[in-house]
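Comments concern the structure below.
Here, each number is a calculation from the coordinates, and none is a lab measurement. From a predicted model like this one, the values you see are computed outputs, not experimental measurements. Cβ coordinates were reconstructed from backbone atoms using ideal geometry, including for glycine residues, and neighbour counts include every protein chain displayed.
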Amino acid sequence: MSNEAIQDYAPGMGAMVGYAVTVEYICADEKIKEEHPDCYLELYKYLASIPGPKILMAKDLDAPYSKGSIFGEVTGNAYRALGCVGGITDGYVRDVDEGMYGGFKMMAKRLGVGHAYSCPLKFGTEIEIFGTKVKPGMLVHADKYGFIAIDEEDTPNLLEGVRFMDSNECKTTIPASRGAIGLPTDEVVKRLEQAMKEFNQNAKTFRKKITE
């Protein structure tokens, strides 16, 4: 789970979910760009070889002194056409509105202009961004609160678990709070205590069910 500051530049698009496709890029070195004139075409071919939905997880090798970005209007539309629902980078992004119009969500450390000598260099490596280690193929959920990357072994009961947790809260802790407004505070605490006990007991029962 991300634990560093990250900005969602298209919160109106809601959450995005997809499988991680990783890339490492650099923008500050003109020589490297000259040595890899087809770097974007290589990235496009790599993306085309992987089924979607995908989220492009990009490590800026210039960070924290970012000089450019591989995310913008032109590349964002290309990524979207290749099955990427969005991109996350620990560098910066630009043309976020144009990307959003094309259906490509961008999340990054900040906004910036230009792309300098932007060059995607490595694909399919394990990277670390925003304090989170991300391996290719991990399931990623991202929204205005940040993102979480989930290991494959943790996904089999994920949907069932999410539905259970939401239902458990809606049946215990949330109604206990909303239904207690206006009551004496000692009664509020009593109701919350009982709701928390029910919540925890339900969670234990569910955990036992999925591990048996």
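In a simple Cβ point-charge model (Lys, Arg +1; Asp, Glu -1; nothing else charged), the chain has a dipole of about 680 debye relative to its Cα centre. Normalised radius of gyration (Cα atoms, divided by 2.2 N^0.38 Å) for the chain: 1.27. Listed by Cβ neighbour count within 10 Å, with the fewest neighbours leading, Asp166, Asp186, Asp29 appear as Asp186, Asp166, Asp29.
Among the listed pairs Lys135/Lys204; Lys45/Lys105; Lys54/Lys144, those with a Cα-Cα distance over 23 Å are Lys135/Lys204. Cross-link partners of Lys133 among aspartates and glutamates, defined as those whose alpha carbon lies under 15 angstrom from its own and excluding same-chain residues fewer than eight positions apart: Glu4, Glu24, Asp60, Asp90, Asp151, Glu152. Between Arg163 and Arg178, the modelled labels are 2.1 nm apart [label points 7 Å from Cα along Cα→Cβ].
Of Gly76, Gly102, Gly179, the residue with the greatest mean-square motion in the GNM of the chain, using alpha carbon springs below 10 Å, is Gly179. What aspartates and glutamates does Lys171 reach when the alpha-carbon gap must be under 15 Å and sequence neighbours fewer than 8 apart in one chain are set aside? Answer for Lys171, where 15 Å is the Cα cut-off: Glu193, Glu198, listed by chain and number.
Taking all Cα pairs closer than 8 Å and separated by 6 or more residues, the relative contact order of the chain comes to 26 percent.
Averaged over residues, the count of other Cβ atoms within 10 Å places the peptides 40-49, 148-157 in the sequence 40-49, 148-157, highest first.
Panel note: the C-alpha atoms of the stretch 71-191, placed on their principal axes, show extents of 64, 33, 26 Å (largest first). Its alpha carbons considered, the stretch 158-211 gives a radius of gyration followed by a Dmax of 12.8, 41 Å.
The helix-only estimate of mean residue ellipticity at 222 nm for the chain, built from DSSP H runs of length n ≥ 4 each weighted as -39500 (n - 2.57), is -11000 deg cm²/dmol after division by the residue total. Just so you know, the averaged projected area of the alpha carbon convex hull for the stretch 1-91 sits at 6.3 nm².
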